[in-house]
Amino acid sequence: MIFDISKMTWERKPEKFYEDSGQIRIITQPFTDLWQRTYYGFQNDNAPVLQFSTQEKYFSFSVRTQFNSRKRFDQCGIIIYLDSENWLKASVEYENDKFQRLGSVVTNHGYSDWATTDIEASIKDVWYRLSRRESDYLIEFSLDGITYKQMRICHLLEGGNAIRFGIYACSPEDSSFEAVFKNFEITDCVWKEHS
């Protein structure tokens, strides 16, 4: 696949966003989020999502995120959004002025999970890489765009055929911040077959 920003389409277009020289800036709106059922009991499905569509079963997608999040749960990152009950996302979620949560959520058939690790609140620049092998997915992150570390390997029950993948940003509480996405790249799958 060749990266072409004009081929991306919105699922819930935000009120404020800008495209310029291969980068996208999203100004988040308050009370936007993605979550389904588990533990908290609530469902929220109103975050803006910008995605490609593909039937390619083996590829890797990477993007750099820069953000000035400042209120609890502010987040931006990568996503595969199939529908409200089947998706995955990876991001940094702001917690307080001491730490944030680098994490991922996988939602299968209407139930979300959340896997996280704490990172310093001063980190405001993160690369993500999503690799696909049919209906299995690898999510990685990097702080320099060179050395990636595994966050998660997962399976999407409905993720074996045509999918949509890309970026998202949201502010689940009464907040707003700017999320910048740049250095988009789609390559052959770098997640090699397990031997």
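Distances between placed amide hydrogens fall under 5 Å for Phe3 paired with Ile186, all partners being 5 or more residues away or on another chain. Our coupling estimate for the stretch 54-65, obtained by passing each phi through the Karplus curve with A = 6.51, B = -1.76, C = 1.60 and θ = phi - 60°, is 7, 10, 4, 8, 9, 6, 10, 10, 10, 7, 9, 10 Hz, Gly and Pro reported as x. With all protein chains in place and a 1.4 Å probe, the accessible surface of the stretch 11-170 carries 45 percent carbon and sulfur.
Could you work out the per residue convex hull volume over the alpha carbons of the stretch 149-195, in cubic angstrom? Kindly include the intermediate steps, with their values, before the conclusion.
On the way: hull volume 8.3 nm³, N = 47.
Once divided by residue count, the hull of the stretch 149-195 is 176 Å³.
Amide H contacts of Phe177 (H built 1.01 Å from N, in plane; Pro and chain starts excluded): Thr28 sit under 5 Å, all sequence-distant by 5 or more or on other chains.
Each Cα pair under 8 Å and six or more residues apart adds its sequence gap; the mean of these over the residue count of the chain is a relative contact order of 31 percent.
For the chain, the Kirkwood hydrodynamic radius from C-alpha pairs, put into Stokes-Einstein at 37 °C and a viscosity of 0.692 mPa s, yields a diffusion coefficient of 199 µm² per second.
Length available on full extension from Lys98 to Gln55: 0.36 nm per residue minus the Cα-Cα distance, which gives 11.3 nm. By the Stokes-Einstein formula, at 1.567 mPa s and 4 °C, the stretch 1-117 with its Kirkwood radius over alpha-carbon pairs has D equal to 84 µm²/s. Highest mean first, the peptides 7-16, 129-138 sorted by other C-beta atoms within 10 Å per residue fall in the order 129-138, 7-16. Rounded to whole numbers, the Karplus 3J(HN,Hα) couplings from phi for the stretch 124-138 are 10, 8, 9, 9, 10, 9, 10, 10, 10, 10, 6, 9, 10, 9, 10 Hz, using 6.51 cos²θ - 1.76 cosθ + 1.60 with θ = phi - 60°, and x at Gly and Pro. The phi torsions of the stretch 170-183, fed into the Karplus equation with coefficients 6.51, -1.76 and 1.60 and a -60° offset, translate into couplings of 7, 10, x, 9, 7, 8, 7, 8, 9, 10, 10, 10, 8, 6 Hz, rounded to whole numbers, with Gly and Pro shown as x.
Kindly count the pairs of lysines across the stretch 51-195 whose alpha carbons are less than 14 Å apart, treating pairs on different chains or eight or more residues apart as eligible. Mind showing how you got there, number by number?
Details: Lys57/Lys192; Lys71/Lys98; Lys71/Lys124; Lys98/Lys124; Lys124/Lys182.
Lysine pairs meeting both conditions in the stretch 51-195 amount to 5.
Between the stretch 1-46 and the stretch 154-170, the alpha-carbon centres lie 13 Å apart.
Computed over protein heavy atoms with a 1.4 Å probe, the accessible surface of the stretch 11-105 works out to 45 Å² per residue.
The values are calculated or read from the model by the stated rules, or taken from the named source; none is laboratory data. All values derive from a computational prediction rather than experimental measurement. Cβ sites come from the backbone with ideal geometry, for glycine too, and all protein chains shown count toward neighbours. Note: accessible area is taken over every heavy atom of the protein model, side chains too, but ligands, DNA and RNA are not part of it. Shrake-Rupley method; radii C 1.70, N 1.55, O 1.52, S 1.80 Å.
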